[in-house]
Amino acid sequence: MLNEQIITDYLMGHLSEAERVVFEQRLTSDPVLRKEVEELRRVWQDLQNAEAETDDEMDAVFYRSLQGEKMLETTIVALKPQPWLTYLKYAAAVAGVAITFWLGRQSAPTQIEYRTITATSPVPKSIDRPQSLPETVAETVNLTDPPKKKPKEETISQQIATLRREMKMTQELVILSLLKDQSASERLKGLNYAAALNNPKPAVIQALLKTLREDESLNVRLSTIETLERFKQTDEVKKVLVNQLTQTSEPTEQTTLIETLVRMRVKESLPIFEQLQKDEKVDRSVRLLAGSGIGELAMITD
Amino acid sequence: MTDEQAMYAVSQGDLDKAAILYERYKKSLLNFFLYRQSDRENARDLTQQVFLRMLRYRHTYREGASFRTWVLEIARNVFFDYLKQNPTYSDLADVPDMGESYDETEEQHQYLHNALAQLPDQYREVLLLSRFQNMSYEEIGQTLGLSVANVKVRVFRAMQKLRDLYFNVSSE
């Protein structure tokens, strides 16, 4: 330990008992050091004595503020309107619940309706399968009222398709909104939602590519690369990934991009891999990975 | 109850526990501001702002995080905001107003303050954190982005410099 650190520890009382004894022995035998330490100790103590006291007025202001905050906590906070974005975030979840509920409503009444018809009609009793009530019901309905069922099923499936489309649109809106959020954690949330999409709209892909190019958070960019890999690997996506590899100097991002491009078999990335492999300023592990990537891509293309 | 337990309770809505933290930290924060600018009224306002922000942003406190480090981060931000709004701020040109409790040590106090005023800001800050905030080396390191060894060296050099200035000023 340096002399400076030991003296600081000594003045602050941070030396162990053994260290303190040794240091004080040094002080007795070294008058120059002793003078230095004594002067510093005096300054340290004077500094402590120079501490100002608080006053009642200051206390009064604080306790008034505290009372105000407590009132806010119990009243206004509970009534504060939620911002538009909060509604949007939960809209997808609400739509999902609504679909489930609606599907349940659409299937259950059908059965009840048919049973009613069976009860009022004597015809089913003549059929020789009395033990199986559901089948009897089904057959009875088919016999008594067959034309009604088909149009109804068509309407239901149309409505389900419409609801699914609307839900997907809502999800995409939520994702686009979250990707523009100032908070990196919100943008990561948007990426998680995006990863769950099947065949997202071009607007979502464009937003993801923009995020990869421009986002300042490394974690967000890494998550964007993973999300993009899940979707249809268009030439544009490949081009942006390759371009990003030329732009970034973050070893973690370079590693992720190289691995992704190898998995996606993007042979256009070979020249970039070669550049990275030769560049001595690049992290050693990245250079090694680029070398192995060149080998893998060469095997694939052959 | 530790500072961290009290702050966690505040973050969960038990605002009465904020009074415990106020009583523990009001003096050290007042001094923190008083030695970074000279006006007592300003120092008092800035101290109030720290506690107000502590209440307003209580939800951002993470359970288990050092309260002292957290509140000092708020204090530093409050002071930076003050500097932005007061571009004509003249550093420590004047002797601070220490309030009514101040007594016969005024002259000595003035010497010390003059010496502190001449210290480079990085030295003054490390002394204020260790002396008035009673922060550990680890906490100071965390606040200023320094290693523990660097904090010790900086404290030592700051004290050496302060001593030179202090004895020089008081002997004039």
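Side notes on the structure shown:
- Cα centroid separation - the range A:158-199 against the range A:225-279, whole Å: 25 Å
- At R0 = 41 Å, FRET efficiency that the Cβ-Cβ distance of A:Met264 and A:Trp102 yields, to 0.05: 0.55
- Annotation: extensible slack from A:Gln67 through A:Ala161 equals 28.4 nm (criterion: 0.36 nm per residue apart, minus Cα-Cα distance).
- Mean partner shielding of peptide B:125-134, defined as the number of other chain Cβ atoms within 10 Å of each residue Cβ, is 2.
- Once backbone amide H atoms are built at 1.01 Å from N, A:Phe231 has no partners under 5 Å, excluding neighbours fewer than 5 places away on the same chain.
- Phi angles of the range B:17-30 translate, via the Karplus equation with coefficients 6.51, -1.76, 1.60 and θ = phi - 60°, into HN-Hα couplings of 5, 5, 4, 4, 5, 4, 4, 6, 10, 4, 5, 5, 6, 4 Hz per residue; Gly and Pro are given as x.
- Spin-label model, B:Asp164/A:Asp235: points 7 Å from Cα along the beta carbon direction are separated by 6.9 nm.
- Pairs exceeding 25 Å between alpha-carbon atoms, taken from A:Lys70/B:Lys26; A:Lys70/A:Lys180; A:Lys70/B:Lys84; A:Lys189/B:Lys84; A:Lys168/A:Lys239; A:Lys70/A:Lys189: A:Lys70/A:Lys180; A:Lys70/B:Lys84; A:Lys189/B:Lys84; A:Lys168/A:Lys239; A:Lys70/A:Lys189.
- Residues of the range A:3-49: accessible area per residue with a 1.4 Å probe, Å²: 57 Å²
- Heavy atoms of B:Ser147: accessible area, 1.4 Å probe, square angstrom to 10: 60 Å²
- Fully extended contour minus Cα-Cα distance, from A:Glu24 to A:Thr255, at 0.36 nm per residue: 77.7 nm
- Counting only other chain Cβ atoms within 10 Å of each residue's Cβ, the peptide A:37-50 averages 6.
- Gain in span if fully extended, A:Asp56 to A:Asn198, counting 0.36 nm per residue against the direct Cα distance: 44.7 nm
The values are calculated or read from the model by the stated rules, or taken from the named source; none is laboratory data. The model shown is predicted, which means the values in this text are computed figures rather than measured ones. Here the Cβ is made from the backbone with ideal geometry for all residues, glycine too, and neighbour counts use every protein chain on show. In case anyone asks, the SASA skips ligands and DNA or RNA and just uses the protein heavy atoms, side chains included. Shrake-Rupley method; radii C 1.70, N 1.55, O 1.52, S 1.80 Å.
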